[in-house]
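As structure tokens, the structure follows; a few thoughts come after it.
The values are calculated or read from the model by the stated rules, or taken from the named source; none is laboratory data. These figures come from a predicted structure and were not determined experimentally. Cβ atoms come from the backbone with ideal geometry, glycine included; neighbour counts cover every protein chain shown.
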Amino acid sequence: PYCNFYALDYSRSAFADYYDTLLQEKQLWMDGGIQALSSVYFGGGTPSLLSAEEIKLILQDLELLPGAEITMELNPIQINEKYAQALASTPVNRLSLGVQSMRDEDLRYLGRRHKAGEISQKLQILREAGFTNISADFIYGLPGSHSAETVASLGKLLEMTWEHISCYLLELTEDGPLAKDICRLPDDEELCRQYEQICRLLKSKAYHQYEISNFAKHGRESRHNLLYWEGNDYLAWGAAAAGYFRGRRYQNAADIARYRAAVLAGTKGGIIDEDAQDEQDYIMMRLRLVKGLDFEEYKARFGRDFSQGRQARIRKLKQMAFITGDAAGLRLDPRAYFISNAVIAELL
């Protein structure tokens with residue numbers, strides 16, 4: 001109820017048609033010529049519905065760079081020894097678990113069917129199957145929550161060994177199923193407190209923060225997500241999937257019938273977002289990274305200095321201690337991470 005992914009009730013026949021369309025879309029892109037891939041990410045819904053053979057068929061014939069990162073999102077409720085062993089027989093080498101919380105009351109609220117006490121066992125099953133690169137998703141800012149219970153929940157999660165942790169603020173929409181609880185969301189001061197304590201706890205456990213919401217052990221950053229944040233191309237296949245290719249953003253139809261019709265007609269690349277602002281998107285994404293925005297890379301991409309027309313705003317934000325920088329680039333100060341959207345908006 002807290003995700004805005006395109007979703008339908010499952011039926012095997014509908015899934016078979018969808019899977020066939022996905023393979024056809026893949027072939028359209030391959031026929032057009034695509035470069036070797038550095039990463040593949042199965043996500044944005046319930047990719048663990050795929051069997052091992054179906055995963056292998058999707059990856060078949062794709063040119064992958066040596067050591068390519070291949071990630072699969074998993075719902076803890078679906079993990080068992082048989083599935084873990086089957087998944088280990090595929091090229092998938094990184095897993096992302098939707099843990100979300102180590103409090104059962106939170107999980108019930110979020111509509112998750114697993115129990116907090118099951119996570120350790122599920123993780124052990126994956127380790128025994130041979131997976132050595134596993135990430136966990138954690139959500140904070142639930143209605144009525146306080147920093148003490150949020151940090152305690154994360155602390156329980158960190159009693160286990162994870163290579164990567166993603167911490168996301170719960171966002172409720174007026175038209176969503178949890179809209180009635182918007183008035184119960186913590187205020188900004190409490191949310192900021194939760195975020196800062198989360199960052200401190202993860203740092204104390206040797207996770208380094210490389211993006212506003214993401215933390216990793218050394219060398220375990222999500223290479224796939226770095227493609228987004230660094231402004232590189234990424235292809236997106238499937239209904240409602242959104243991608244970026246050769247400077248243009250596109251999205252496939254958020255309707256299986258229309259998506260299937262487009263693919264059968266030989267259309268790839270979905271609907272081009274003509275309103276997309278490549279420069280603004282680049283700035284927003286790069287400043288989400290702890291390392292920030294590199295001036296030389298910006299100039300090579302857009303043909304002008306980043307400071308052009310922004311000197312006064314940059315000076316003001318530096319005086320407010322929201323950003324730091326030198327001759328090489330610009331980055332957010334850690335104290336501005338929680339209000340990053342507002343700070344970055346000043347630089348667009």
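Count of the range 304-336 residues, restricted to those that are within 26 Å of Tyr168 (Cα to Cα), in contact with a strand residue (DSSP E or B) (Cβ under 8 Å, 6 or more places away or on another chain) and in a loop (DSSP other than H, G, I, E, B), is 2.
Among the residues of the range 97-148, which ones are among the charged types (D, E, K, R) and modelled with pLDDT of 95 or more? Listed by number, the residues that qualify are Arg103, Asp104, Glu105, Asp106, Arg108, Lys115, Glu118, Lys122, Arg127, Glu128, Asp137.
Here are Leu142, Leu158, Leu95, Leu107: which of them is touching a Phe, Trp or Tyr at 6+ places or on another chain (Cβ under 8 Å) and under 22 Å from Leu191 (Cα atoms)?
Testing whether each residue is touching a Phe, Trp or Tyr at 6+ places or on another chain (Cβ under 8 Å) and under 22 Å from Leu191 (Cα atoms) leaves just Leu142.
Is it true that Arg200 is surrounded by fewer than 16 Cβ atoms within 10 Å (Cβ to Cβ) and closer than 24 Å to Lys26 by Cβ? Here the answer is no, as Arg200 does not meet what is asked.
For (1) touching an Asp or Glu at 6+ places or on another chain (Cβ under 7 Å); (2) within 18 Å of Trp162 (Cβ to Cβ); (3) among the hydroxyl-bearing types (Ser, Thr, Tyr), each residue gets a yes or a no:
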site: His208; (1), (2), (3): no, yes, no
site: Ser213; (1), (2), (3): no, yes, yes
site: Lys217; (1), (2), (3): yes, yes, no
site: Asn225; (1), (2), (3): no, yes, no
site: Tyr228; (1), (2), (3): no, no, yes
site: Asp233; (1), (2), (3): no, no, no
site: Gly238; (1), (2), (3): no, no, no
site: Ala254; (1), (2), (3): no, no, no
site: Arg258; (1), (2), (3): no, no, no
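Of the residues examined, His224 is one that is touching a strand residue (DSSP E or B) at 6+ places or on another chain (Cβ under 8 Å), part of a helix (DSSP H, G or I) and in the same structural domain as Leu64 (by TED's automatic domain parsing). Just one residue in the set Leu201, Leu169 is more than 19 Å from Tyr109 (Cβ to Cβ), without any contact (Cβ under 8 Å) to a residue 60 or more places away in the chain and touching a helix residue (DSSP H, G or I) at 6+ places or on another chain (Cβ under 9 Å); that residue is Leu201.
From the list Ala236, Ala240, pick out the single residue that is small (Gly, Ala, Ser), assigned to a loop (DSSP other than H, G, I, E, B) and in contact with a strand residue (DSSP E or B) (Cβ under 6 Å, 6 or more places away or on another chain).
Just a single option satisfies the conditions, and that option is Ala236.
Being surrounded by fewer than 17 Cβ atoms within 10 Å (Cβ to Cβ) and small (Gly, Ala, Ser) is the filter here; which residues of the range 117-145 pass it? Passing the criteria: Gly117, Ser120, Gly130, Gly144. Restricting attention to the range 92-112, does a residue exist that is out of contact with any helix residue (DSSP H, G or I) (no Cβ under 6 Å at 6 or more places or on another chain), in contact (Cβ under 8 Å) with a residue 24 or more places away in the chain, loosely packed, with under 14 Cβ neighbours inside 10 Å and within 30 Å of Gln35 (Cβ to Cβ)? No: zero hits. If the condition is being over 18 Å from the mean Cα position of the chain (by Cα) and closer than 12 Å to Ser101 by Cα, then the range 146-173 contributes Glu149, Thr150, Val151, Ala152, Ser153, Leu154, Gly155, Lys156, Leu157, Leu158. The set of residues from the range 217-264 being more than 21 Å from Gly32 (Cα to Cα), surrounded by fewer than 15 Cβ atoms within 10 Å (Cβ to Cβ) and among the hydrophobic types (A, V, I, L, M, F, W, C) comprises just one member, Ala257. Among the residues of the range 203-243, those that are under 15 Å from the mean Cα position of the chain (by Cα) and among the hydroxyl-bearing types (Ser, Thr, Tyr) comprise Tyr210, Ser213, Ser222, Tyr228, Tyr234. Of all the criteria given as (1) free of Cβ contacts under 8 Å to residues at least 24 places away in the same chain; (2) crowded, with 19+ Cβ neighbours inside 10 Å, the one not satisfied by Ala148 is (2). So in the range 170-197, with the set limited to residues that are part of a loop (DSSP other than H, G, I, E, B) and of a type outside the set (A, V, I, L, M, F, W, C), which one is surrounded by the most Cβ atoms within 10 Å (Cβ to Cβ)? Filtering first and then ranking leaves Pro186.
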